[in-house]
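Enquirer: The structure follows.
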Amino acid sequence: MAKKKSKASKEEPPVKEESDDEEEEEEEEDEEEMELLQVDVGDIIKLKQVLDESVAATFIEAVKLPEDHKLDNIKLGVMTMACLFAVVAQFSPIPFPDSRPMLGVCCCSYFLLSGILQLIVTFLDKDAIMTTLPLDEGDERAKNVKDMTKYGLRIRTSLPRFDEHYSLIIEFQGVEDSVFVKETWSVGKFFDVEGMFDEIGLMNEVEEVYKRFENGNFDKKEEDVATAKKNN
């Protein structure tokens, strides 16, 4: 008689799986660690760059205002043309000295375009880090300040050399003697002694300043304040 072979059923050991909650907590911890930024507080240029980037991110990501790239596109176009003239002058197949006229034209054009770019930065950009587009008609954010549907906002910042005070000004773009709101903080409020940056704290402060503008709680000019004090 043939023996029946018994099939031994092998039980696989249970696979240990991490819970979804634990994985999410680990991902959140990793993201928090990545967000921490350390800056040399003695480097004023880097310090202002970090602050400006956080301010701009507040208006784009938190407040969700549409950014106006018109002037940036103009600057990129001027820079691209200047680079093209430089490339032609450098890699032209025309041998020297036959290429002298072409080199002269390229050099003059390069320096002319560089000068135009510097004029744009000096007289149009000034201390503005970004500009926004006007809000759409019927936007709830413009219910208190109707001009927000006509004009975009101009976001200005300053951090003077050898100074600890960082200033933010919000005003209308392209409006002479525009209404504005201004706030000044010590950089020590957002950086500790080791240079660790409190980005969330700054973004919350900037959002509060924007709400003042949105609600129409504008600041008075220093001249008006001085005049009021004299009259009193």
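The values are calculated or read from the model by the stated rules, or taken from the named source; none is laboratory data. Everything numeric in this text was worked out from a predicted model, so none of it was measured. Cβ atoms come from the backbone with ideal geometry, glycine included; neighbour counts cover every protein chain shown.
Enquirer: Just name the residue that is farthest from residue 156 (Cα to Cα) out of those in the stretch 49-59 that are surrounded by fewer than 17 Cβ atoms within 10 Å (Cβ to Cβ) and touching a residue at least 60 places away in the same chain (Cβ under 8 Å). Give the steps one after another, and end with the answer.
Expert: First, pick out the residues of the stretch 49-59 that are surrounded by fewer than 17 Cβ atoms within 10 Å (Cβ to Cβ): 49, 53, 56-57.
Now narrow it down to the ones that are touching a residue at least 60 places away in the same chain (Cβ under 8 Å): 56-57.
Working: 56: 10, 57: 14 Å.
Here the answer is 57.
Enquirer: Does the stretch 77-94 include one or more residues that are closer than 30 Å to residue 214 by Cα and without any contact (Cβ under 8 Å) to a residue 24 or more places away in the chain? Explain how you work it out, then say what you get.
Expert: Step one: filter the stretch 77-94 for residues closer than 30 Å to residue 214 by Cα, giving none.
No, that holds for no residue.
Enquirer: Residue 126 fails exactly one of the following numbered conditions: (1) surrounded by 13 or more Cβ atoms within 10 Å (Cβ to Cβ); (2) on the phi > 0 side of the Ramachandran plot. What is the number of that condition?
Expert: Among (1) surrounded by 13 or more Cβ atoms within 10 Å (Cβ to Cβ); (2) on the phi > 0 side of the Ramachandran plot, residue 126 violates only (1).
Enquirer: Separate question: Read through the list (1) within 17 Å of residue 56 (Cβ to Cβ); (2) surrounded by fewer than 19 Cβ atoms within 10 Å (Cβ to Cβ); (3) of a type outside the set (Phe, Trp, Tyr), then give the number of the only condition that residue 188 fails.
Expert: All conditions are met except number (1).
Enquirer: Can you go through 92, 114 and tell me which one is farther than 30 Å from residue 141 by Cβ, surrounded by fewer than 16 Cβ atoms within 10 Å (Cβ to Cβ) and touching a Leu at 6+ places or on another chain (Cβ under 9 Å)?
Expert: Values: 114 fails: touching a Leu at 6+ places or on another chain (Cβ under 9 Å).
Of 92, 114, the one residue that is farther than 30 Å from residue 141 by Cβ, surrounded by fewer than 16 Cβ atoms within 10 Å (Cβ to Cβ) and touching a Leu at 6+ places or on another chain (Cβ under 9 Å) is 92.
Enquirer: Is there any pair linking a residue in the stretch 206-227 that is under 19 Å from residue 146 (Cα atoms) and part of a helix (DSSP H, G or I) to one that is at pLDDT 70 or above and of a type in the set (Ser, Thr, Tyr), with Cβ under 9 Å and at least six apart or on different chains, and which?
Expert: Here the result reads 210/58, each pair linking the stretch 206-227 to a residue that is at pLDDT 70 or above and of a type in the set (Ser, Thr, Tyr).
Enquirer: Of (1) modelled with pLDDT of 95 or more; (2) surrounded by 13 or more Cβ atoms within 10 Å (Cβ to Cβ), residue 208 satisfies all except one. Which?
Expert: (2)
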